[in-house]
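The values are calculated or read from the model by the stated rules, or taken from the named source; none is laboratory data. No experiment lies behind these values; they were computed from the predicted model shown. As a convention, Cβ positions derive from the backbone with ideal geometry for all residues, glycine included, and neighbour counts pool all protein chains shown.
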Amino acid sequence: MSAPFHEYGRPRRVAGGIRARSARGPIGESWWARRFLAVLESFALGTRLTRGRSYARAGQVLDLTIAPGVVTATVQGSRARPYQVRIGLAPFPAQTWERIETQLAAQAFFSARLLAGDLPPELEQLCVDVGAPLFPAALGELTQRCDCPDAAVPCKHLAAVFYLLAEAFDADPFELLHWRGRRRAELLERLRALRTPDPADRATAGAATTASGGAAPDPGAAGAECATANPAAVPEPLGAPAPGSPGPAGRAVAPAGLPAGPLVEADRFWHAPVPLPDRRPPTLATEADLLLRQLAPPGRDLGGPGLLRRLRPAYERFGAAGS
């Protein structure tokens, strides 16, 4: 028979664990990390999150893996054998991701921010609009498992993983989308494909133009018409060959008629490849420390990870002065 939970002592110290970057104060710097933790803290979990934060800062989490729909981790507690932790969150179905990607591709703003490694705050509302909230709305949406003797859910081991998960989202926001079922490379490739018009669509558009109003205009015919109306308005080019004689080598010869495709594509130049959503366009404002969050932690010769914490207030002041 195992001993009661309260009889276990302090957690065993480990070397090489994942230690939270934040040594004091709140954990989570980006809006999406703070939003994720705010959702958890709104579930009124009490001191369990506080104890889990201490575990995260002490480096008790040995490993953490994010996969579509599930996060797994190993946490060292007071026993010799580390505890196995598993947190599940249902990934979005393929049809839901198609709707999200269509909305993202409708505005270059979203693609630019994602390519910069940033999640625009408007993404949360976009997911809500398509019926797939990015963050869990209730504790029951999360499947939490830990093989420790504590019956509380979440226990401090699960809570420690939650905090380190938020910091993982800080370092790479695509990990949050990965948890929801879409890898970074796959998402960006889908956005490129949706923002690139299909050649078949261009051919269809050209055929529709011909069917609705006849052939595309012929620049050569237009020029001939102008010359007939006012011969002096169209000067003869220098060195033009005599009528009936072949042109010089390498001379470009204009075709008698141009295909409708390029003209149709030029006519559609200012049109979005997919319909734009009917809502207020997002702003281009970014957080002042976006660049710092994209940089790898500096080495000890440059000041170590603490250098970024010392630089962040300066970046915030620069951002405030430039706004």
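Here are the criteria: (1) surrounded by fewer than 18 Cβ atoms within 10 Å (Cβ to Cβ); (2) over 30 Å from Gly16 (Cβ atoms). Tell me which single one Leu123 does not satisfy.
Failing condition for Leu123: (1).
In region 65-86, what residues are more than 17 Å from Ala151 (Cβ to Cβ) and surrounded by 21 or more Cβ atoms within 10 Å (Cβ to Cβ)?
At the first step, the residues of region 65-86 found to be more than 17 Å from Ala151 (Cβ to Cβ) are 65-74, 76, 80-82.
Across region 65-86, the qualifying residues are Val71, Ala73, Gln76, Pro82.
Condition check: in contact (Cβ under 8 Å) with a residue 24 or more places away in the chain and either within 29 Å of Leu191 (Cα to Cα) or under 14 Å from the mean Cα position of the chain (by Cα) (or both). Does Val161 satisfy that?
Numbers: in contact (Cβ under 8 Å) with a residue 24 or more places away in the chain: yes; either within 29 Å of Leu191 (Cα to Cα) or under 14 Å from the mean Cα position of the chain (by Cα) (or both): no.
It is false that Val161 is in contact (Cβ under 8 Å) with a residue 24 or more places away in the chain and either within 29 Å of Leu191 (Cα to Cα) or under 14 Å from the mean Cα position of the chain (by Cα) (or both).
Inspect all residues belonging to region 36-45 and state whether any of them is at pLDDT 85 or above, surrounded by 15 or more Cβ atoms within 10 Å (Cβ to Cβ), out of contact with any His (no Cβ under 8 Å at 6 or more places or on another chain) and outside the structural domain of Arg309 (by TED's automatic domain parsing).
Yes, because at least one residue in region 36-45 is at pLDDT 85 or above, surrounded by 15 or more Cβ atoms within 10 Å (Cβ to Cβ), out of contact with any His (no Cβ under 8 Å at 6 or more places or on another chain) and outside the structural domain of Arg309 (by TED's automatic domain parsing).
Can you name every residue in region 133-145 that is within 16 Å of the chain's Cα centre (by Cα) and either buried (at least 17 other Cβ atoms within 10 Å of the Cβ) or part of a helix (DSSP H, G or I) (or both)? Walk me through how you get there before you give the answer.
Our first condition is that a residue be within 16 Å of the chain's Cα centre (by Cα); within region 133-145, this holds for 133-135.
Once the filter is applied, which keeps residues that are within 16 Å of the chain's Cα centre (by Cα) and either buried (at least 17 other Cβ atoms within 10 Å of the Cβ) or part of a helix (DSSP H, G or I) (or both), region 133-145 yields Leu134, Phe135.
Can you tell me which residues in region 1-35 are modelled with pLDDT of 85 or more and part of a helix (DSSP H, G or I)?
Trp31, Trp32, Ala33, Arg34, Arg35
What do you reckon, is Leu114 surrounded by 15 or more Cβ atoms within 10 Å (Cβ to Cβ), of a type in the set (A, V, I, L, M, F, W, C), modelled with pLDDT under 90 and part of a helix (DSSP H, G or I)?
Numbers: surrounded by 15 or more Cβ atoms within 10 Å (Cβ to Cβ): yes; of a type in the set (A, V, I, L, M, F, W, C): yes; modelled with pLDDT under 90: yes; part of a helix (DSSP H, G or I): yes.
In short, yes.
So which residues in region 89-108 are surrounded by fewer than 16 Cβ atoms within 10 Å (Cβ to Cβ) and either assigned to a helix (DSSP H, G or I) or touching a Lys or Arg at 6+ places or on another chain (Cβ under 8 Å) (or both), if there are any at all?
Selection gives Ala94, Gln95, Glu98, Ala108.
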